[in-house]
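So the structure is just underneath, and the comments pick up after that.
What follows draws every value from the coordinates through simple rules; no lab data is involved. Small disclaimer: the values here were computed from a predicted structure and weren't measured. Note that we place each Cβ from the backbone using ideal geometry, even for glycine, and neighbour counts take in every protein chain shown.
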Amino acid sequence: MGADALLLISPYYNKANAEGMYRHFAETADAVDIPCILYNVPGRTGCSIPVSVVERLARHPNIAGIKEASGDMSYAMKIARCVGPDFALYSGNDDITVPILSIGGSGVISVYANVMPAMCRQIVADWLDGNHARALENHLRYLQLMNDLFLEVNPIPVKEALNLIGYGRPVRCACPWCELSEKNHERLRAAMARQADATILCLPDAASRELVAALGESEGVILDASTAHRTAPGWAYGFAELSKLHRAQICESMRVSNPGCHATGFISIVYPLVGMGILPADTPLSCFSLTGYSGGGKKMIAQYEAEGREDLLSSPAIYGITQSHKHLPEMQVRCGLSCPPVFSPIVDDYYKGMATTVPLHLSQLRGVSSLHDVWKALSDYYAGQKLVRVAPEGADGKLYGAGKAGDDDLTLTVAGNDGQLTVTALFDNLGKGASGAAVQNMNLMLGFEETEGLSLS
């Protein structure tokens, strides 16, 4: 396939004296017509290239520079003093990139760049352009991550880091290397999250709590898609359409909890009615909510899409029948209710889409005397919102669970009569009920337009 350049390591088994070391590199460089870079890494080879040898080799026309990975700044300064301007001195250790640059270095041959290439380049470019303060600031900011990429022998941690950020297909270590230990895996994951501008957690509740605790005072914003922090103090609730305060808290907070899917539908109906004084907070409520099977995650998707699945999966399945569904605390607390609703979640044989319905008797309500009044109250409440809207008055016929599949917005439908009525939230459980809401919240947290990257009907 050919090569553009060679990185030449010093002999590491048959040790050489200074002259032998010189001949090893010189004869290799004589045999090729492409640039060669010396590689001084005594931690791997057990020996260092003598400064006098580097000085001689720097005059060879095919030897363009040295990757200095001893970590010894005294050695690096001696190299910088004895070589000419056309000989490149590269840091071979990410954690001393800026110190190497400060003595005339040309850049870094980096491990860290595999994980954050743009920032690695930025640090070097800023220093070479004279913006030393910013280069140093970013170098110190990411120093811990640079070091944590060596929690175990290289390249084990950096390959695991690439897996953590979802870089293409899984990156695996060949023998004799093996997987990163579980302890160091968690440490590396926390280190990467601490340095990120934004982190979205899609983890089991316990894992989410552990990682948040490990992050401490992270400089980046965190959006948690698990149930772990949906009623936790200090966390903003990620449903911007509920009020100006909710929107402001999302924009200003470093920690935001993404709503649950069923909870999104219920809260979109009940929160404004309670807030406007139409629905007393002590009203006993019920809710039934239909979802596609994707709401159950990988395990349920595989179950529903398996060949030869059991026939019962072709019919709706009522679950959470013990009234202990994990969304119930969120539904009660976020709506300010005296007690949780009686909740009946239902999963059916279609991929995605959700229909969450709250039935009401007009006699339960205050300040309204007709179906129209309820419809108007909700229409006025959500007027101007881009991702929550109220369907035109006079709904009749059927509402389908998959009616909003593929969209990232939510539609409320008020139906019934002046005695009893239903309010139904139609949305995609994977859209406004999950990842769509996460994108919206992250847009708000980072100062982007809230609908950026979303699909609206």
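Checking the condition more than 26 Å from residue 159 (Cα to Cα) and buried (at least 20 other Cβ atoms within 10 Å of the Cβ), which residue from 84, 105 passes? Spell out the reasoning first.
Numbers: 84 fails: buried (at least 20 other Cβ atoms within 10 Å of the Cβ).
After ruling out the rest, the residue left standing is 105.
Over 39 Å from the mean Cα position of the chain (by Cα), assigned to a loop (DSSP other than H, G, I, E, B) and charged (D, E, K, R) - does that describe any residue in the stretch 413-425? Don't jump to the end; show me each part of the working.
As a first pass, look at the stretch 413-425 and keep what is over 39 Å from the mean Cα position of the chain (by Cα): 415-421.
Those still in the list that are assigned to a loop (DSSP other than H, G, I, E, B) too: 417-419.
Right, trim to charged (D, E, K, R) and you get 418.
Within the stretch 413-425 (the criterion being over 39 Å from the mean Cα position of the chain (by Cα), assigned to a loop (DSSP other than H, G, I, E, B) and charged (D, E, K, R)), the answer is yes, since at least one residue qualifies.
Taking the stretch 320-360 as the range and being without any contact (Cβ under 8 Å) to a residue 60 or more places away in the chain and in a strand (DSSP E or B) as the test, the residues that pass are 342, 344, 346, 347, 348.
Output the residue which, of all residues in the stretch 108-122 that are aliphatic (A, V, I, L, M) and closer than 18 Å to residue 150 by Cβ, is surrounded by the most Cβ atoms within 10 Å (Cβ to Cβ).
Within the stretch 108-122, the first condition is being aliphatic (A, V, I, L, M), and the residues that meet it are 108-109, 111, 113, 115-116, 118-119.
Remaining after also requiring closer than 18 Å to residue 150 by Cβ: 108-109, 111, 113, 115-116, 119.
On the way: 108: 24, 109: 20, 111: 19, 113: 18, 115: 22, 116: 21, 119: 17.
My answer is 108.
Residue 248 satisfies every condition listed in (1) aliphatic (A, V, I, L, M); (2) surrounded by fewer than 24 Cβ atoms within 10 Å (Cβ to Cβ); (3) touching a Lys or Arg at 6+ places or on another chain (Cβ under 6 Å) except (3).
Condition test on residue 374, is it touching a Cys at 6+ places or on another chain (Cβ under 7 Å), under 20 Å from residue 281 (Cα atoms) and either loosely packed, with under 14 Cβ neighbours inside 10 Å or not aromatic (Phe, Trp, Tyr) (or both)? If you could, list the steps in order and put the result at the bottom.
On the way: touching a Cys at 6+ places or on another chain (Cβ under 7 Å): no; under 20 Å from residue 281 (Cα atoms): yes; either loosely packed, with under 14 Cβ neighbours inside 10 Å or not aromatic (Phe, Trp, Tyr) (or both): yes.
When the stated conditions are applied, residue 374 does not pass them.
Pairing each residue of the stretch 242-267 that is outside any helix (DSSP H, G or I) with any residue that is among the hydroxyl-bearing types (Ser, Thr, Tyr) and surrounded by fewer than 17 Cβ atoms within 10 Å (Cβ to Cβ), provided the two are 6+ apart or on different chains, yields C-beta distances under 9 Å for 257/231. Picking from residues in the stretch 302-319 that are outside any loop (DSSP other than H, G, I, E, B) and in contact (Cβ under 8 Å) with a residue 24 or more places away in the chain, the one that is surrounded by the most Cβ atoms within 10 Å (Cβ to Cβ) is 304.
Conditions tested, residue by residue: (1) hydrophobic (A, V, I, L, M, F, W, C); (2) closer than 24 Å to residue 212 by Cβ; (3) more than 30 Å from the chain's Cα centre (by Cα).
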| position | (1), (2), (3) |
| --- | --- |
| 80 | yes, no, yes |
| 90 | no, no, yes |
| 121 | no, no, no |
| 142 | no, yes, no |
| 151 | yes, yes, no |
| 157 | no, yes, no |
| 174 | yes, no, no |
| 178 | yes, no, no |
| 181 | no, yes, no |
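When 237, 271 are checked against the criterion of being surrounded by 14 or more Cβ atoms within 10 Å (Cβ to Cβ), farther than 15 Å from residue 440 by Cβ and aromatic (Phe, Trp, Tyr), a single residue qualifies: 271.
Scanning for something touching a helix residue (DSSP H, G or I) at 6+ places or on another chain (Cβ under 9 Å), part of a loop (DSSP other than H, G, I, E, B), of a type in the set (A, V, I, L, M, F, W, C) and under 20 Å from residue 197 (Cα atoms), does the stretch 56-68 turn up at least one residue? No, because not a single residue in the stretch 56-68 is touching a helix residue (DSSP H, G or I) at 6+ places or on another chain (Cβ under 9 Å), part of a loop (DSSP other than H, G, I, E, B), of a type in the set (A, V, I, L, M, F, W, C) and under 20 Å from residue 197 (Cα atoms). Residue count for the stretch 280-308 under the criterion of being out of contact with any Cys (no Cβ under 8 Å at 6 or more places or on another chain) and acidic (Asp, Glu): the result is 2. So in the stretch 1-55, with the set limited to residues that are in a loop (DSSP other than H, G, I, E, B) and among the acidic types (Asp, Glu), which one is farthest from the chain's Cα centre (by Cα)? Filtering first and then ranking leaves 33. Within the stretch 268-301, which residues are part of a strand (DSSP E or B) and of a type in the set (Gly, Ala, Ser)? Across the stretch 268-301, the qualifying residues are 286, 289, 292. The single residue among 214, 236, 248 that is of a type in the set (Gly, Ala, Ser), touching a helix residue (DSSP H, G or I) at 6+ places or on another chain (Cβ under 8 Å) and closer than 30 Å to residue 384 by Cβ turns out to be 236.
Selection of the stretch 361-394 for residues being in a loop (DSSP other than H, G, I, E, B) and within 32 Å of the chain's Cα centre (by Cα) yields 382, 383, 384, 385, 386, 387.
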